[in-house]
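J.: This is the structure I want to talk about, given as structure tokens.
The values are calculated or read from the model by the stated rules, or taken from the named source; none is laboratory data. Small disclaimer: the values here were computed from a predicted structure and weren't measured. Glycine gets a Cβ as well: all are built from the backbone with ideal geometry, and neighbour counts include every protein chain shown. Heads up: the accessible areas ignore ligands, DNA and RNA and are worked out on the full protein's heavy atoms, side chains in. Shrake-Rupley method; radii C 1.70, N 1.55, O 1.52, S 1.80 Å.
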Amino acid sequence: MKLLVTGGCGFIGSNFIRHVLATHAADRVVNLDKLTYAGNPANLADLANDSRYTFVQGDVCDAQVVRDVIRGVDAVVNFAAESHVDRSLMEPDAFLRTDVFGVFALLEAVKELKIARFLHISTDEVYGSVERGSSRESDPVRPSNPYSASKAGGDLLALAYWHTHRVPVLITRSSNNFGPHQYPEKVIPLFVTNALDDKPLPLYGDGRNVRDWLYVLDNCAAVDLVLRKGEAGEIYNIGGGNEVENVALTRAILGLLGKPETFITPVADRPGHDRRYALDSGKVHGLGWRPAYPFAAALEATVEWYRTQEAWWKPIKSGAFKAYYEKQYPRR
Ligand code: NAD
Ligand code: DAU
């Protein structure tokens, strides 16, 4: 199979490309990535000499670029997005552009060139905060921040292209991923790297918000399965089944690093902060997927990865990230 993967220099996309090439020897991958602040070619440095892998720097919103790279592929997997909720509160423009218009440009090219499959990567955040129970694929979307509203817009457009034009769209909605190569604005890598630097861990609000943690390699296996075995026009939830309050997660990270709990620093809550996400993953279980990595062991392996990979995250944290951090956490 020849795949176009968009956003492949980011966190999940880079793990996914590595997973595909490791598990499907005959596959080839073209990676289209704009290289925003979150895109890092170093995430795939180990594939530099792999003739099955090609990198193209470009924007998914650029119809001509998209048409050129899509021609001749068997399937498209769209990871490209602005992905950080806090940034969407400060500068939402890029979210609307990439997460809605980028999907539009890809759908148009997939339709025109009659590509056999378009897997669009979405998120559990489109269901909004879930106080009790869990979200099913048939539930309505109720996004509550500019990031999740943009992602919901992309999803609805993709489903509309299936409904009206029979463009063979599939959608995955996963819960919070964690693992190697995650940009250190997200809570786990931020807290691990701050703790390693003996800096405060800024915990929002009362710290009791709940996220369902999914190891990135489990998500990659599920996405790959949906790509090959899923049904066009369908949505698949992918949940880790590990609901954890932020304060408990923070304590676990500090415990693994042998750092004191006095590092925990309560800060003002994120505006509109969703309390809890939870997914019913019965449909993807029906395809045969189950998470393979127990949460505690995967968290330990992740913490260990950041502990030993300072060469990866130190340049990020001392570069452009610094200005963002000072704006985001003014009192820290
Ligand atoms: P990320 O921010 O780490 O990476 C995004 C990648 O997309 C970067 O390489 C960036 O350069 C690229 N990109 C951004 N705008 C682009 C554009 N206009 N054209 C081409 N490339 C562009 O994101 P991630 O955490 O790896 O998330 C990947 C996808 O998974 C996103 O669609 C996100 O909404 C979704 N998702 C993420 C999580 C999570 O926990 N991280 C959970 C559920 C769903
Ligand atoms: O649920 C899936 C979503 O998970 C993805 O769609 C998004 O792309 C991804 O960024 C993630 O969104 P969250 O907002 O849940 O992730 P984040 O790591 O930003 O925050 C996780 C929780 O930790 C959330 O309740 C807010 C809290 N938090 C976060 C940061 C950055 C803090 O308490 N302090 C912080 O400094």
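J.: Considering only the range 82-89, I want to know if a residue exists there that is of a type in the set (S, T, Y), touching a residue at least 40 places away in the same chain (Cβ under 8 Å) and surrounded by 17 or more Cβ atoms within 10 Å (Cβ to Cβ).
T.: Within the range 82-89 (the criterion being of a type in the set (S, T, Y), touching a residue at least 40 places away in the same chain (Cβ under 8 Å) and surrounded by 17 or more Cβ atoms within 10 Å (Cβ to Cβ)), the answer is yes, since at least one residue qualifies.
J.: Another question, then. Any chance you could count how many residues in the range 157-178 are within 16 Å of ligand 2 (Cβ to nearest atom) and farther than 18 Å from A109 by Cβ?
T.: So the count comes out to 7.
J.: Within the range 20-40, count every residue that is near ligand 1 (Cβ under 8 Å from one of its atoms) and of a type in the set (K, R). Before the answer, list the steps.
T.: The first filter runs over the range 20-40 and keeps only residues near ligand 1 (Cβ under 8 Å from one of its atoms), leaving 32-40.
Next cut, of a type in the set (K, R) only: 34.
Qualifying residue count, the range 20-40: 1.
J.: Among the residues of the range 171-181, is any part of a helix (DSSP H, G or I), modelled with pLDDT of 95 or more and either within 9 Å of ligand 1 (Cβ to nearest atom) or over 20 Å from S122 (Cβ atoms) (or both)?
T.: The answer is no, given that none of the residues of the range 171-181 is part of a helix (DSSP H, G or I), modelled with pLDDT of 95 or more and either within 9 Å of ligand 1 (Cβ to nearest atom) or over 20 Å from S122 (Cβ atoms) (or both).
J.: Between residues in the range 182-200 that are more than 16 Å from ligand 1 (Cβ to nearest atom) and residues that are open to solvent by 20 Å² or more (accessible area, probe 1.4 Å) and in a helix (DSSP H, G or I), which pairs lie under 7 Å by C-beta distance while being six or more apart or on different chains?
T.: So the pair list comes out as A195/L257; A195/F263; L196/L257; L196/R307; P200/F263.
J.: Specify the residue that is farthest from ligand 2 (Cβ to nearest atom); the eligible residues are those in the range 29-73 that are open to solvent by 70 Å² or more (accessible area, probe 1.4 Å) and within 23 Å of R228 (Cα to Cα).
T.: S51
J.: So in the range 253-296, with the set limited to residues that are among the charged types (D, E, K, R) and assigned to a helix (DSSP H, G or I), which one is surrounded by the fewest Cβ atoms within 10 Å (Cβ to Cβ)?
T.: E261
J.: Filter the range 196-218 for residues that are under 27 Å from G239 (Cβ atoms) and not in a strand (DSSP E or B) and give the result.
T.: Correct list: G205, D206, G207, R208, N209, V216, L217, D218.
J.: Next question. Identify, from the list G153, G179, the residue that is small (G, A, S) and touching a Ser or Thr at 6+ places or on another chain (Cβ under 6 Å). First the steps, then the outcome.
T.: Details: G153 fails: touching a Ser or Thr at 6+ places or on another chain (Cβ under 6 Å).
Being small (G, A, S) and touching a Ser or Thr at 6+ places or on another chain (Cβ under 6 Å) holds for just one of G153, G179, which is G179.
J.: Related question: Just to be sure I understand, how many residues within the range 222-246 are assigned to a helix (DSSP H, G or I) and surrounded by fewer than 17 Cβ atoms within 10 Å (Cβ to Cβ)?
T.: 2
J.: Also, quick follow-up: Can you tell me which of S122, S150, S129, S134 is within 10 Å of ligand 2 (Cβ to nearest atom) and modelled with pLDDT of 95 or more?
T.: Every option except S122 fails the conditions.
J.: Of the residues L113, L156, only one is within 27 Å of D68 (Cα to Cα), in contact (Cβ under 8 Å) with a residue 24 or more places away in the chain and not charged (D, E, K, R); which?
T.: Criteria check complete, one pass: L113.
J.: Restricting the search to the range 120-156, which residues are within 17 Å of the chain's Cα centre (by Cα) and assigned to a strand (DSSP E or B)?
T.: H120, I121, S122, T123 - these are the residues of the range 120-156 that are within 17 Å of the chain's Cα centre (by Cα) and assigned to a strand (DSSP E or B).
J.: Hey, another quick one. Just for the range 103-132: of the residues that are farther than 17 Å from P146 by Cβ and within 14 Å of ligand 1 (Cβ to nearest atom), which one is most open to solvent (accessible area, probe 1.4 Å)? Walk me through how you get there before you give the answer.
T.: From the range 103-132, those farther than 17 Å from P146 by Cβ are 104-121, 130-132; that's our starting set.
Checking the rest, the ones that are also within 14 Å of ligand 1 (Cβ to nearest atom) come to 104-106, 109, 118-121.
Details: F104: 86, A105: 13, L106: 0, A109: 4, F118: 0, L119: 0, H120: 4, I121: 20 Å².
It comes out as F104.
J.: Could you list, in sequence order, the residues of the range 154-209 that are β-branched (V, I, T) and either in the same structural domain as E112 (by TED's automatic domain parsing) or touching a Pro at 6+ places or on another chain (Cβ under 6 Å) (or both)?
T.: T164, V167, V169, I171, T172, T193
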